[in-house]
Amino acid sequence: MWKLGIIGGSGLYDIPGVEGAWRTVDTPWGSPSDQLFEGALHGVDLVFLPRHGRGHRLSPTHVNYRANIDALKRAGCTDVLSLSACGSFREDLAPGTFVLVDQYVDRTFAREKSFFGQGLVAHVSMAHPVCPRLSALAASAARAAGAPVREGGTYLAMEGPQFSTLAESKLYRSWGMDVIGMTGMPEAKLAREAELPYACVAMVTDYDCWREESEAVSVANVLEVLHANAAKAKALVAHLVETLAQTPRAPSPIDACLDHALITAPDARDPALVAKLDAVAGRVLKR
């Protein structure tokens, strides 16, 4: 059975037919961005989490990514869909395009990026950081919602909260990056550590600032396109859930990616860290 966690804007849960309630979830990593809104649509259980909190209270740097992923895992989610705004480095990825990200370059530096560390070391593979099954389903749902779709793209994760300088934007474009955002990492890394298949729909709002013949990115421009994308994002979720309701969930290799990732010997593990990992890694730690 699917139980889909959805991380996105503060109004994404307001979809016709979804009824539910807000629930506070405590985690050993601190408080998540907000309460979880738990509901259902077409018989599929859904858990919505506003990434920046209702009212957009948290900057990208101050989002507690570990608490967010732990809370979704603790709530029983089997898969996680991320929807987020991004800038484009390509003429053919115009504002309004929905990009199904399949690779990342992580340039963030002020965030906790792992559940593991001193006392319990683990290394998970990030060669293919998203779930191809969930990404393909999300792409089909985006098309059904009427959005222009690009399947595959590399997401440059920057620290923010400021937008890029012109030199940075041109550098990232020369690297072959497709889109740029501030929230994709470490969210995708932590989802993998939590054995949660993860897909990201990056919704293009602007051309960053490399395209000098157009106005440099501004909050006003971003908000204008964000509002235009909001209805399509909600429709995407509705179409995706309708498909999930008709598609039995088969096991994914990501469901067991910690099987060979824990390096620290059992008798050398820090009991306090082991206790904090009860939701994220309880499956393997209890063996």
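Values in this text are rule-based calculations from the coordinates and carry no lab data. As the structure is a prediction and not an experimental result, all values here were calculated from the model. Don't worry about glycine lacking a Cβ; one is built from the backbone with ideal geometry, like all the others, and counts go over all protein chains shown.
Measuring from a point 7 Å past the Cα of residue 245 along Cα-to-C-beta, which residues in region 4-25 have an amide N at less than 18 Å?
Once the point is set 7 Å along Cα→Cβ of residue 245, 4-6, 13-21 turn out to lie under 18 Å by backbone N, inside region 4-25.
Please give me the summed charge of the neighbours of residue 40: other residues whose Cβ is under 12 Å from its Cβ, Lys and Arg +1, Asp and Glu -1.
Here the count lands on -2.
Subtract the Cα-Cα distance of residue 227 and residue 256 from 0.36 nm times their separation in residues, and report this length gain in nm to one decimal.
That works out to 6.6 nm of additional length.
Highest first, please rank the peptides 96-105, 128-137 by the mean number of other Cβ atoms sitting within 10 Å of their residues.
Taking the mean over residues of other Cβ atoms within 10 Å, the ranking is 96-105, 128-137.
Which whole-number percent is the relative contact order of the chain (Cα, under 8 Å, 6+ apart)?
25 percent
Which order, highest average first, do 38-51, 256-269 follow once you tally other Cβ atoms within 10 Å for each residue and take the mean per peptide?
Ranked from most to least packed, the peptides come out as 38-51, 256-269.
Quick check: from the Cα gyration tensor, does region 94-233 come out rounded (a/c under 1.5), prolate or oblate?
Oblate.
Amide H neighbours of residue 79 under 5 Å, counting only residues 5+ apart in sequence or on other chains, H built in-plane at 1.01 Å?
3, 5
Give, in nm to one decimal, the length gained when the segment between residue 113 and residue 167 is fully stretched (0.36 nm per residue of separation minus the Cα-Cα distance).
Extra length available between residue 113 and residue 167 comes to 16.8 nm.
Tell me what the chain gives for mean residue ellipticity at 222 nm when only DSSP H runs of n ≥ 4 count, each as -39,500 (n - 2.57), the sum divided by the residue total, rounded to 500 deg cm²/dmol.
The per-residue figure over the chain is -8000 deg cm²/dmol.
Just list whichever of 73/232; 3/276; 232/276; 3/232 have alpha carbons separated by over 30 Å in the model shown.
232/276
Could you compute the net charge surrounding residue 279? Neighbours are other residues with a C-beta less than 10 Å from the C-beta of residue 279; K and R count +1, D and E count -1.
+2
Among 120-127, 179-186, 75-82, how do they line up by average Cβ neighbours within 10 Å per residue, starting with the highest?
179-186, 75-82, 120-127
What number in nm² do you get for region 75-165 if you take the convex hull of its Cα atoms and divide its surface by four?
Value for region 75-165: 8.3 nm².
Net charge within 11 Å of residue 134 by Cβ-Cβ distance, Lys/Arg positive one each and Asp/Glu negative one each, not counting residue 134 itself?
The answer is +1.
If eta is 1.306 mPa s and T is 10 °C, what Stokes-Einstein diffusion coefficient results for the chain, Kirkwood Rh from Cα pairs, in µm²/s?
83 µm²/s
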